[in-house]
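These notes are about the structure you will find just below.
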Amino acid sequence: MSSELETGGFPFRGDYQENRPVFTLGYHDSKREQPLSELQYGYLLNQDASELMALHHFKSRVFKVVSDHLATLKANGEKGTSEATANRADPILLPLTPEDTGMFPSQAVNTYVAYTSPWIDLCSNDPVIANISRQVLNLEINYASWCGVKSIIITGPGRDASKDGGSQGIAQYSRAVQEALTIAPAITILIHIAMYREPTVGTQVETLSSLNGEDASKSSGEDIDIFTTWDSWHQIRSVCKYNPRLLVALKMPRVVPEKDLQNRWFCEPLHYLTFGPEVFQKNKIGYPSLTKSHQEVIFAYMRLKNAPWLLLCDVGPDVRHITEDGKDENASLTEADFPSLEEAHKPAFRVSTESNVHCDYLRWLERQQPPFSALETPILTNFQDWLQSPLQPLSDNLESATYEVFENDAIKYDQYELAIAEALKEWSELKLPTSKPGVVVMAVAGSGRGPIVTKAIKAAESTGVKVEVWAVEKNPNAYVYLLRQNAQKWGGKVNVIKTDMRAWKGPLISDSPETGPVYGKVDILISELLGSFGDNELSPECLDGIQHVLAKPHGISIPQSYTAHLSPIATPKLYTDISARAQTDSNAYDTPWVVSLFSLDYVAQKVPGHPRFQQAWEFSHPIPDSTLEAIAARRSGGVVGGTGGSMAGAAGANDHNSRFCHLTFVARTRGVAHGLAGYFESTLYELKAGPNKGRKTEISIHPERIDAKSKDMVSWFPIFFPLKQPLYFPADTELEVSMWRQTDDTKVWYEWLVEAWTWVGPSTRVKVASSELCSSRKLACLM
């Protein structure tokens, strides 16, 4: 199969190519041993084809070696062993010969996806067969690498660890794959494995195990646990340490399983979805088709940034009848059937023959996909599962391009405008006193390039409330831009101040030699300091530092409150990426990463009393006067002791912003957790009176509530708290998450711990797994 060809797969018509995911199709013919001729390859130029590594000659040679050796052992009353020195050494296979393989170095070989011999049994409990199988695999992998092959498929294990004593076999298989990755450091290895092992579906391939009466390929026909093949895959990739060159070729089943298993495979490194003839059904007019459930799975998986290719196995066009002299034994062909290279690159080109009915169906299915949504633009899609370090806006000055990205989110700023308008309108209706006669004084703390200043002015105009607007910004470059905006866009209505918001003394009322500067108060304090976890960009510390300018008792903070939420997730891709970074970055596992989570599985289920997403903590503004008094007392040295910052040698003035939560999640199915997904919600403003009292203007990235509160908002990606080691847990496990927000008065960091508990009696639990205590202290946000 040609891998990553520019022309690979079936092309699209221009009218929908940019609006739907592209299907890239390929073929695997298990009966074809000889490699494609150039003519045959040209026939499939836009359709890709796999290449079997070894021919029947090699199979016969290996079978004879094994059969003769087993017969000799039996005749002498001996057995093969891997636990001691055998009386008779296992055979050593000779290298491949020209009669054993049809693959040789060529210009096209690096476009092939090779397929190893499916008749080996790396899982065999017979040490002789396991040894010979591993030798065959190593010979083929090594030779494919020498030829220049870039990708190779290995038939998945014939048994699973949780069934029929298969743990030994899976251990052997995993070790063999790990060895293969070492032998060929430039080859990508794909494990061809079933989504689940269907009771009535077995392989027809005769394996080496048939020589000793052991046949792992036969299905028992009984009901099975649908997670066993995923268990096997998890063991393989764990032994291989999440090697980025180890991918999945996932066999689609005849019957689509429950969503939990679909989601589990969704987050794995899928490179192919494979379709055998048993998966297709015939429609009313006799053409192949897939069930609605199959279509939904394909549509979901094709939304991945690196969408899997669709591999037709033993279905589709048969090119074996095309002879070397260009004649088709079954039909006469014309020049139109064979494209030039230039034509093959054109999107409108397609090969159409009667034998392509499966391909035609998949082309049709391709056009039935829902179009890309407004949130699936190429820019946003490219951010899928891409690790980003959190911003440190207090210690760093953001670039203009960063501000520009945020400003493209109309939803967020519309919600801010609505919240400001609600606050102004209610202030006017309640006839509340203002800090300056005749006007409501508003300040935007951390104005950036001024988008919220613009919204504040619009809100005042729409409500008819007279306002005085102050824009406070510490970034000297953004300050210059704000001055320009004030001159060109705001008509000089805004008072622009360059300072850290915590050092601002308030609106300047007067300044004379006699009295010196006199500062007023602010009625509405607006800020845009929220991070992916709500508080992770130090919004609490910033707003505490500027609260002294807020008028009492009616002063309003927008936002008024925000909450942080957590859920344990499986995300092998992120764990693989972080593991790679850890080779050069010792803090990779300790970093709370901002990431557009997509290839993930929420491992916890929603059950009564235990939601899938749970609130960790909350911050509200303004903070009570009693808290302000306690802060002042600590800073003055009047209070000593306590925890947090005071125990770290500091005054403990920020201890009121420390937090702790202990959450219990329920996992009904077994799985693995790679970390915690973090989200936030914020109440920008809540009406205090009137018939709509309690109505809130909110923003949210909570997966279950974002559509109701701020649909299509994209300013914030979730945050990901990684675990240093994947945490595997059995079915019906309670995952307990402990998290701390820590501070020492100069910085803020997080610590997190995940434990897995399972019930062994009506009132007894045992711990089956636990993560390390993870900490981001070395990467703490500086205050």
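Since every read-out is calculated from the coordinates, none of them should be taken as a lab result. Please read all numbers here as calculations on a predicted model, not as lab measurements. Every residue, glycine as well, gets a Cβ built from its backbone with ideal geometry; the counts of neighbours run over all protein chains shown.
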* Ratio Rg/Rh, restricted to segment 583-717 and using Cα atoms, in which Rh is the Kirkwood radius -> 1.04
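Counting only DSSP beta bridges with both residues in the chain, what percent are antiparallel, rounded to the nearest 5? Numbers along the way, then the final one.
Details: 73 of 123 bridges.
Bridges in the chain are about 60 percent antiparallel.
Under 13 Å from the Cβ of residue 695, count the other residues' Cβ atoms, weight Lys and Arg +1, Asp and Glu -1, and hand me the total. Don't skip to the answer; put the middle values down first.
Values: positive: 425, 688, 693, 696, 709; negative: 422, 426, 686, 698.
Charge balance near residue 695 sits at +1.
Beta carbons within 10 angstrom, averaged per residue: use that to sort the peptides 382-393, 112-123, 571-582, highest first.
On the way: 382-393: 15.9, 112-123: 25.3, 571-582: 19.7.
Result, highest mean Cβ count within 10 Å first: 112-123, 571-582, 382-393.
When Rg is the radius of gyration of the Cα atoms in segment 394-528 and Rh is its Kirkwood radius, what does Rg/Rh come to?
On the way: Rg = 15.1 Å, Rh = 15.5 Å.
Rounded to two decimals, Rg/Rh equals 0.97.
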* Send over the semi-axes of segment 378-469's equivalent ellipsoid, whole angstrom and largest first, taken as the square roots of 5 times the C-alpha gyration tensor eigenvalues. => 33, 15, 10
* To do: Could you work out how far the C-alpha centroid of segment 445-486 sits from that of segment 380-399, in angstrom?
  => 24 Å
* To do: At a Cα cut-off below 16 Å, give the lysines reachable from residue 74, other chains included and same-chain residues fewer than 8 away excluded.
  => 64
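With a cap of 15 neighbouring Cβ atoms within 10 Å, and only residues DSSP puts in a loop, list the chymotrypsin sites (Phe, Trp or Tyr not before Pro) found in segment 579-630. Walk me through the numbers before you get to the answer.
Working: sites: 589, 593, 598, 602, 613, 617, 619; in loops: 598, 613.
The qualifying sites: there are none.
What Kirkwood Rh does segment 734-783 have if only Cα atoms enter the pairwise 1/r average? Answer in Å.
Numbers: mean 1/r = 0.0796 Å⁻¹.
Answer for segment 734-783: a Kirkwood hydrodynamic radius of 12.6 Å.
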* To do: Specify which residue in the list 553, 450, 588 is farthest towards the positive end of the charge dipole of the chain, using unit charges on the beta carbon of Lys, Arg (+1) and Asp, Glu (-1), about the Cα centre.
  => 553
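Are any of the pairs 436/709; 505/688; 59/163; 436/693; 284/573; 163/282 more than 32 Å apart by Cα-Cα distance, and if so, which?
Values: 436/709 34 Å; 505/688 28 Å; 59/163 28 Å; 436/693 27 Å; 284/573 41 Å; 163/282 34 Å.
Flagged as over cut-off: 436/709; 284/573; 163/282.
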* **Descending semi-axes in whole angstrom, ellipsoid equivalent of the chain, from the Cα gyration tensor** => 61, 32, 22
* Structure fact -> Taking placed amide H atoms and a strict 5 Å upper bound, the residues 5 or more places from residue 770 or on another chain that come that close are 756
* Asked: Using the 10 angstrom Cβ neighbour count as an exposure proxy, how do 447, 561, 435 rank, fewest first?
  -> 561, 435, 447
* For segment 538-571 and segment 128-145, what is the separation of their C-alpha centers, rounded to whole Å? -> 61 Å
* **Selection from 435, 423, 462 lying farthest towards where the dipole of the chain points positive, charges on Cβ** => 435
* Asked: Roughly what angle does helix 572-581 make with the longest principal axis of the chain, taking Cα atoms, 0 to 90 degrees, to the nearest 10?
  -> 80 degrees
* Asked: Taking H as built 1.01 Å from N, whose amide H comes closer than 5 Å to the amide H of residue 614, not counting residues under 5 places away?
  -> 566
* **Using alpha-carbon coordinates, inclination of helix 167-183 to the longest axis of the chain, degrees** => 80 degrees
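Given +1 on the Cβ of Lys and Arg, -1 on the Cβ of Asp and Glu, and no further charges, what dipole in debye does segment 394-528 carry about its Cα centre, rounded to the nearest 20?
340 debye
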* Asked: Given H placed on each backbone N at 1.01 Å, which residues far from residue 151 in sequence or on other chains put an amide H within less than 5 Å of it?
  -> 114, 188
* Asked: Okay, helix-only estimate at 222 nm for the chain: each DSSP H run of n ≥ 4 adds -39500 (n - 2.57), divide by all residues, round to 500 deg cm²/dmol; what do you get?
  -> -8000 deg cm²/dmol
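Please give the contour-minus-distance gain from residue 388 to residue 635: 0.36 nm per residue of separation, less the Cα-Cα distance, rounded to one decimal in nm.
Values: separation 247, 0.36 × 247 = 88.92 nm, distance 3.53 nm.
So the extension gain works out to 85.4 nm.
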* Counting other beta carbons within 10 Å of each Cβ, put 303, 484, 159 in order, fewest first. => 484, 303, 159
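With a 10 Å Cβ neighbour count serving as the proxy for reagent exposure, in which order, fewest first, do 512, 151 appear? Write out the running numbers ahead of the final one.
Details: 512 8, 151 25.
Placing the least packed residue first, the sequence is 512, 151.
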* **Cα centre as origin, Lys/Arg/Asp/Glu Cβ charges: the chain dipole, Debye** => 1940 debye
* Expressed as an acute angle from 0 to 90° and rounded to the nearest 10, what is the orientation of the C-alpha long axis of helix 228-239 relative to the principal long axis of the chain? -> 80 degrees
